[in-house]
1. Give me the 1.4 Å probe accessible area per residue for region 34-136, excluding ligands and nucleic acids, in Å².
2. Could you give each residue of region 88-94 its phi-based ³J(HN,Hα) in whole Hz, using Karplus coefficients 6.51, -1.76, 1.60 with θ = phi - 60°, and x for Gly or Pro?
3. Highest GNM mean-square fluctuation, the chain, Cα pairs closer than 10 Å: which of Gly162, Gly111, Gly79?
4. At 1.567 mPa s and 4 °C, plugging the Kirkwood radius over alpha-carbon pairs of region 1-109 into Stokes-Einstein gives what diffusion coefficient in µm²/s?
5. Amide H neighbours of Ser115 under 5 Å, at least 5 residues apart or on other chains, H built in the peptide plane: list them.
6. Hey, in the GNM for the chain with a 10 angstrom Cα cutoff, which one of Leu102, Leu92, Leu159 fluctuates hardest?
7. What are the ³J(HN,Hα) values, in whole Hz, obtained from phi via the Karplus relation 6.51 cos²θ - 1.76 cosθ + 1.60 with θ = phi - 60°, for each residue of region 58-66 in sequence order, with x given for Gly and Pro?
8. How long is the gain from Ala164 to Glu105 if the chain were fully straight, where each residue apart is worth 0.36 nm and the alpha carbon distance is subtracted?
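The values are calculated or read from the model by the stated rules, or taken from the named source; none is laboratory data. All values derive from a computational prediction rather than experimental measurement. Cβ: placed from backbone, ideal geometry, glycine included. Neighbour counts: every protein chain shown. When the accessible area is computed, the model is the full protein with side chains, heavy atoms only, and any ligands, DNA or RNA have been set aside. Shrake-Rupley method; radii C 1.70, N 1.55, O 1.52, S 1.80 Å.
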Amino acid sequence: MSVEYTTKLHAGADFPAIEVKLLNGDVKKLSTPENGLDWNMVVVYRGQHCPLCTRYLNQLENAKDLLAQTGVDLIAVSGDSKEQLESHMERLDVTFPIAYGLTVEQMVELGLYISDPRSPEETDHSFPEPGLFVVNNQGKVHVVDISNNPFVRPELQSLINGLAWIRNPDNNYPIRGMYT
């Protein structure tokens, strides 16, 4: 077995034009905010098989209004099938859009770490490890956080506080980490 690592999506890069499907049949461009907001936070989660993802998505629901107060909309996506997302929705109490069907090619384009299931009981497809991208009003990656395991994710209140500070025009805070 050979191991290859992806090329990571860099801060300041254009966020890829990735379209995903919602349960209601709509196709949504991941980078496009809605609800009158001009930035978008894209949360990539492992899938319905991950209890930590379920907990994080439910925590995001509690953070959604605070994100909106900073001008940031929210969408989540996984590589799960429509049927897997429908099953997962029974354990979720969320009102923000959740998309399904992220392909391995799209995961690579986002620079995510990708894992294979440990067993057929876990899931039936390769899946992304957690990723979080905040896309600014120019379509650029302003904040990026990727992990290679389910245990490391941004603490939401710290992230929201940081986004409020970044978005405050008095701070004139640029995109950070644009060089490798």
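1. Numbers: 4310 Å² over 103 residues.
I get 42 Å² per residue for this part.
2. So the J values, rounded to whole Hz, are 5, 4, 5, 9, 10, 10, 10.
3. Among Gly162, Gly111, Gly79, the largest mean-square fluctuation in the Gaussian network model of the chain belongs to Gly162.
4. Working: Rh = 14.8 Å.
Estimated via Stokes-Einstein, D reaches 88 µm²/s.
5. Phe127, Glu129
6. Leu159
7. Each residue's phi maps through the Karplus curve to give 5, 5, 4, 4, 5, 8, 4, 5, 5 Hz.
8. Here the answer is 18.0 nm.
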